[in-house]
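Input: a single structure, listed below in structure tokens.
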Amino acid sequence: MKTNRREFIKKLSLLGASALVSSNSYAFGRSRSRRDVLSDEEPGFLGQSAAGEFKNQMPLLEGALPLGLEGTLYRNGPGIYTRDGKTKTTLIDGDGMIRSYRFTNGEVHFSNKFVKTKKYLEEEAAGRFLYPSWSTKVSNRPFRNFPGSYCKGGTADINVIKLNDRLFALAEGAVDGTWELDPNSLETVKQSNIDPELRNTFLGAHPKHDQIRNEWVFVGLKSGPIFSIEINVFDQSGKVKKHGRIRHLQHRFIHDFFLTEKHIVINLQPLKISVLNLLTESTIRNSMHWEPGLGNEVIIIDRHTLEEKFRIQSEGRFMWHSINAFEMGDEIIADFVGYEQLTHFLGPQAMLKTAMHDRIGTREAGKIRRYRINTQSRQLREELLFDCDNELPAINPTFLSKPNRFAYAGLSSPQALWPNGMSSFDLKTGLEAHYFFEEEVYVSEPIYLDQKASLQNENAGYLAVDSYDPRCSTTQMNLFKADRLSDGPIAIFDLGHRMPVGLHGSWTF
């Protein structure tokens with residue numbers, strides 16, 4: 001992206017007011033940091049790029065697929081970390097790569113494709129990185145690392161959803177950050193918003209699909225002179241039904257949100273973004289500052305009108321991912337994975353950074369927490385449900401925004417670089433079950449699979465999780481019975497080559 005001096009000064013003046021609100025002495029003092037640049041250091045196992053694009057049947061190593069389990073599991077995640085001997089900074093910093101696992105006739109057929117973003121195509125042709133990304137600058141030239149370069153060259157590496165018969169790869173923080181793909185070949189069709197009439201918007205990484213109403217709800221963040229939370233509701237055909245906007249004085253970061261039958265709940269955490277830092281060569285990650293003393297601002301929004309009803313202050317908690325939320329009388333019950341600190345993400349020894357080179361960095365446990373929000377008294381009470389180290393949670397998607405009893409998540413042992421096991425939780429009885437893979441075998445997000453989803457049979461489906469074994473440099477797909485997790489996989493399929501750790505995905509049948 002080319003930006004002349006006059007355009008740069010104009011953008012600087014437009015963003016100046018909000019930058020001053022968002023900046024602080026700590027953030028300003030590191031605005032010209034030389035950290036978070038492309039590294040010459042060789043990546044470790046977790047930081048290796050994909051070997052290429054493949055299409056093959058996955059051999060069955062153990063067990064068998066359950067009868068009648070047919071459909072397609074899609075995953076997305078970073079696929080390229082290194083070009084021309086230069087390596088990205090963190091595990092969430094690569095170019096998007098879509099993977100599909102087609103379950104049919106007792107077999108699993110695998111294929112993968114890189115999302116052909118503008119960034120990917122130009123860098124593939126040049127043989128080197130040309131654009132900045134979340135955690136990595138490409139050079140010390142300010143115009144090359146201007147945040148607009150990231151927005152236009154988004155990595156499309158966060159999530160993948162199938163809306164009706166259309167498949168989309170999603171980005172984080174990119175304008176119009178969706179790429180439409182062919183659901184069969186996975187070839188990129190075009191960068192396009194779901195509804196072509198909706199332009200210059202931010203959709204966010206974690207849309208919610210309400211299967212009863214047949215609608216998708218997206219929540220994204222828009223920076224600029226005024227920070228705002230953008231809400232878009234699509235019908236099943238991909239047409240925008242409603243658009244809402246919640247303005248806020250401070251630039252803060254959210255990655256996920258809660259959806260109930262009546263409300264949208266935003267957990268606005270005290271992770272502040274300094275726009276001034278972004279304008280002075282910093283990365284997005286390095287422009288963030290965790291200030292837990294400010295507390296969280298929980299915003300309750302009417303789902304029908306998309307208008308704000310009220311806000312509640314709570315203790316400072318960071319939330320990458322919600323689990324589920326629902327109404328129970330006058331209460332909103334909202335479960336999530338919460339952190340008191342953010343050492344795994346921010347700082348020079350953050351786990352997401354050191355794990356790129358197979359080193360243990362700073363981290364803290366992600367614990368299962370619950371908000372109880374009384375909509376009449378407008379009070380919030382927090383409960384700690386489970387204190388083991390979990391992340392990448394999942395539920396039976398049929399129960400989204402409805403009372404659910406069971407939840408699942410990736411699980412980390414104390415010295416793990418990345419989740420190396422799985423958990424299941426009975427939210428009614430407080431019982432939990434665990435399964436760990438062998439030492440140094442890491443896993444992706446568990447995804448719930450079910451051919452016959454039923455409100456009367458919440459825990460009767462299956463959990464699919466990829467495992468990555470550095471000893472044989474291969475990836476395997478493991479299938480668990482959701483209600484017998486600790487028994488281990490009922491089927492294991494071998495990919496025959498390695499894939500990087502995936503982030504999020506979805507199941508369709």
Highest mean first, what order results for 495-504, 287-296 on Cβ atoms within 10 Å? 495-504, 287-296
Option label - semi-axes √(5λ) of the Cα gyration tensor in Å computed here, alternatives (i) 38, 29, 19; (ii) 44, 25, 21; (iii) 32, 28, 22: (iii)
Between SER139 and GLN456, what is the label-point separation in nm under the 7 Å Cα-to-beta-carbon projection? 6.6
Compute the Cα gyration tensor for segment 254-355, then decide on rounded, prolate or oblate, letting a ≥ b ≥ c be the square roots of its eigenvalues: rounded whenever a/c is under 1.5, prolate when a/b is larger than b/c in the other cases, and oblate in all that remain. prolate
Hey, with R₀ at 51 Å, roughly what FRET efficiency would HIS243 and ASP487 work out to, going by the Cβ-Cβ distance, to 0.05? 0.65
The distance between the Cα centres of segment 377-419 and segment 203-221, in whole Å, is 19
Helix-only [θ] at 222 nm, the chain, -39500 (n - 2.57) per DSSP H run of 4+, per residue, nearest 500, equals -2500 deg cm²/dmol
Name the long-range amide H neighbours of GLY496: under 5 Å, sequence gap of 5 or more, or other chain; modelled H, no Pro or chain starts. THR475
So, R0 is 41 Å and r is the distance between the beta-carbons of GLN250 and GLU187; what FRET efficiency does that work out to, to 0.05? 0.50
Tensor-based shape of segment 342-466 (alpha-carbon gyration tensor, a/c under 1.5 rounded, otherwise prolate or oblate): oblate
Students often check this: by mean Cβ neighbours within 10 Å, which of 457-464, 349-356 ranks highest, and how do the rest follow? 349-356, 457-464
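For the ranges 481-489, 112-120, 421-429, what's the packing order if you count other beta-carbon atoms within 10 Å of each residue, average per peptide, and put the highest first?
Order by mean packing, descending: 112-120, 421-429, 481-489.
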If you average the sequence gap of Cα pairs under 8 Å that are 6 or more apart and divide by the length of segment 176-279, what percent do you get for the contact order? 17
Under the 0.36 nm per residue contour assumption, what length would be gained going from the current alpha-carbon distance of GLU53 and ARG128 to full extension? 25.1 nm
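Throughout, read-outs are computed from the coordinates displayed, never taken from laboratory work. Note that this is a predicted model, so its numbers are computed, not measured. A quick note on method: Cβ atoms are made from the backbone with ideal geometry, for glycine too, and the neighbour counts reach across all protein chains shown.
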